[in-house]
């Protein structure tokens, strides 16, 4: 059994949150730079230039990339030979969110009661934590800051197994296009297929955090990813809805077995401020 | 793309001269207001109390900045999604509001109202908040500090880049 002190986990999480506040996925910078070279649309070019400038200023002046510093979402892969001493992972995650909120500082964007009181928790706690137990003696933490605007545009559909693939594909594409500029395109799209009602939503979020632009290892799913991406970029919405060639930067699908009666599909939408990082202890 | 520098307040002539897609570099005094602040402003109107902001002379920016560090004028700042304010916009237009700044599409009904009232809806880019923070000359909490990011902030902006989306 390997023992990890809670303070080590807290420090790793706090510094991870701090880092992604000022540095988004570097592959976003590459893709936006490429679009700037290729896209003739003058409005879209205005957007690309602003995004690239934002990456620079945020990193040098330590001003958050986006004022919506998001919900703190963490996927933890906890080795079955690891013992975390002291606080629970949830308590540590909440402390890390609160610590980063104070030290950066981040915007307090979480209300404690969702429906009636809507009083701000003032420190961005609680974090949203998903724990998966895996073999081994390591603790892997995937951390993201997820903004509210793009999250609001996400959706889940319980398709029936008889639904033709073409209908599913069109439903996903049109629903994303209908979000227009509200989710801050260029987008990253995470799609969870299968599992069950809650599981496909978690898969969709997890899919966002995979290496940007990676292909699903199964050819049919990889083809579907590529197809949806191409179609999204051919329908003219473009960066910030201003037109041009880049509505989405990547589409990632994760799939799991599901019930014979079901075909749940969740689509989690991410804005161009794609902030995520992986740390291992 | 036509680019125009404008200073608030805007008169009717300046608004009617704008065309869809114009890039505006907007300067002057503006106020932030998002969901909760809109609800409270409308409550003030419903209670027949005086409106604390002269809506005809300013712009409402749908935003909630991140906190500033010591020495900074403001933290990160950028638009929130405007459609959430659609159900809360007409009373403010009726009160004289002429300029709204946000991101994303509005409902067709709100588009029609904005035109009827001779107002203009400007969009600015989401997620370029470090860039936009450089356009902020001053920023102070104006109303309801207990709302945190959802409070009303009074800001002076210099050449805030926006685009005419509805007029």
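The values are calculated or read from the model by the stated rules, or taken from the named source; none is laboratory data. Remember, predicted model here, so these are calculated numbers, not experimental data. Neighbour counts are summed over all protein chains in view; Cβ atoms, including those assigned to glycine, are modelled from backbone coordinates with ideal geometry.
Starting from residues that are more than 18 Å from the chain's Cα centre (by Cα) and not in a loop (DSSP other than H, G, I, E, B), keep the ones in the stretch A:178-208 and report whichever is modelled with the lowest pLDDT. In this case the residue turns out to be A:178.
Got at least one residue in the stretch A:49-67 being in contact (Cβ under 8 Å) with a residue 24 or more places away in the chain, touching a helix residue (DSSP H, G or I) at 6+ places or on another chain (Cβ under 8 Å), facing chain B (nearest Cβ under 10 Å) and more than 20 Å from residue B:65 (Cβ to Cβ)? Among the residues of the stretch A:49-67, not one is in contact (Cβ under 8 Å) with a residue 24 or more places away in the chain, touching a helix residue (DSSP H, G or I) at 6+ places or on another chain (Cβ under 8 Å), facing chain B (nearest Cβ under 10 Å) and more than 20 Å from residue B:65 (Cβ to Cβ), which makes the answer no.
The set of residues from the stretch A:136-165 being part of a strand (DSSP E or B) and touching a helix residue (DSSP H, G or I) at 6+ places or on another chain (Cβ under 9 Å) comprises A:139, A:141, A:142, A:143, A:144, A:145, A:146, A:155, A:156, A:157, A:158, A:159. Looking across B:92, B:97, one residue alone is buried (at least 17 other Cβ atoms within 10 Å of the Cβ), in a loop (DSSP other than H, G, I, E, B) and away from chain A (no Cβ under 14 Å). It is B:97.
Specify the residue that is surrounded by the most Cβ atoms within 10 Å (Cβ to Cβ); the eligible residues are those in the stretch B:71-88 that are more than 10 Å from chain A (Cβ to nearest Cβ) and without any contact (Cβ under 8 Å) to a residue 40 or more places away in the chain. Residue satisfying both the conditions and the ranking: B:86. For residue A:128, the requirement of being within 22 Å of residue A:183 (Cβ to Cβ) and either touching a strand residue (DSSP E or B) at 6+ places or on another chain (Cβ under 6 Å) or surrounded by fewer than 21 Cβ atoms within 10 Å (Cβ to Cβ) (or both) is met. Residues that are under 14 Å from the mean Cα position of the chain (by Cα), assigned to a strand (DSSP E or B) and either at pLDDT below 95 or farther than 20 Å from residue B:56 by Cα (or both) within the stretch B:109-138 comprise just one, B:136.
I'm trying to understand the selection: among the residues of the stretch A:115-130, which are assigned to a loop (DSSP other than H, G, I, E, B) and either away from chain B (no Cβ under 13 Å) or in contact with a helix residue (DSSP H, G or I) (Cβ under 6 Å, 6 or more places away or on another chain) (or both)? Across the stretch A:115-130, the qualifying residues are A:115, A:116, A:123, A:124, A:125, A:126, A:127.
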